[in-house]
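Report on the structure given below.
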Amino acid sequence: MRSPLMRRLGLTAVLAFLLAVFGLAPSASAADPAPAALTFSADSATTTPGGTVNLSMTITNNKTYDIWFVYQTIDPTWLTTQRPDLKYSFTGCSLATASGSTACSGTGPANLGGNYGATIPPGQSRTVTLTLQVAADSGCNGNIGFYSYYYAEFSDSSNASGGPVYTPETRVLCA
């Protein structure tokens, strides 16, 4: 007479084998990083009306192929749009290069990706800094924040997209 324990162990072994064969079993390997990653930082968490904050955007190429093209948008968050008394604009844009900063090809919410410059080699990053100018007559005690989506094309004809990626919020304080 066969033991019920042996039947259960046999059934478990068959199920484990089938899952492994059809690729449904959990793997022990680490997850691959995103092909490209976009991160933001700000040089200040607060400002006053009339002040400026520099928002830096860094795109990193995590693939083994060059990034040939980047398209990126930047838009205010919903909470930022709900405060019509907050007045701000992007007044400057620069790309960090090995020989110093150079002016961007454009500022504002349309096609920021062209500002990263040509080809980003594997494992390297490019940083673009936007200057956020808060108007002198802006309201106070509100947060200004943005979100971004991006699309990148690689030299192996693949592409990646991501977002939303959120900027750190800037608090506009009354003086």
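Summary table
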read-out: Test set (1) basic (K, R); (2) in contact (Cβ under 8 Å) with a residue 60 or more places away in the chain; (3) surrounded by fewer than 19 Cβ atoms within 10 Å (Cβ to Cβ) - K87 fails condition number; value: (2)
read-out: Scan of the range 128-162 for residues that are open to solvent by 40 Å² or more (accessible area, probe 1.4 Å), in contact (Cβ under 8 Å) with a residue 24 or more places away in the chain and assigned to a strand (DSSP E or B), ordered by number; value: Q133, N143, Y147, Y149, Y151, E153
read-out: The range 163-175, residues that are open to solvent by less than 50 Å² (accessible area, probe 1.4 Å) and either part of a strand (DSSP E or B) or of a type in the set (A, V, I, L, M, F, W, C) (or both); value: G163, V165, T170, V172
read-out: Members of the range 43-67 found to be aliphatic (A, V, I, L, M) and open to solvent by less than 40 Å² (accessible area, probe 1.4 Å), listed by number; value: V53, L55, M57, I59, I67
read-out: Options G114, G108: the member that is open to solvent by less than 20 Å² (accessible area, probe 1.4 Å), farther than 15 Å from A37 by Cα and modelled with pLDDT under 90; value: G108
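The values are calculated or read from the model by the stated rules, or taken from the named source; none is laboratory data. Just so it is clear, the structure is predicted and the values come from calculations on it, not from any experiment. Ideal geometry is used to build each Cβ from the backbone, glycine not excepted, and the neighbour counts take in all protein chains shown. We work out accessible area using only protein heavy atoms, side chains counted, and drop any ligands, DNA or RNA first. Shrake-Rupley method; radii C 1.70, N 1.55, O 1.52, S 1.80 Å.
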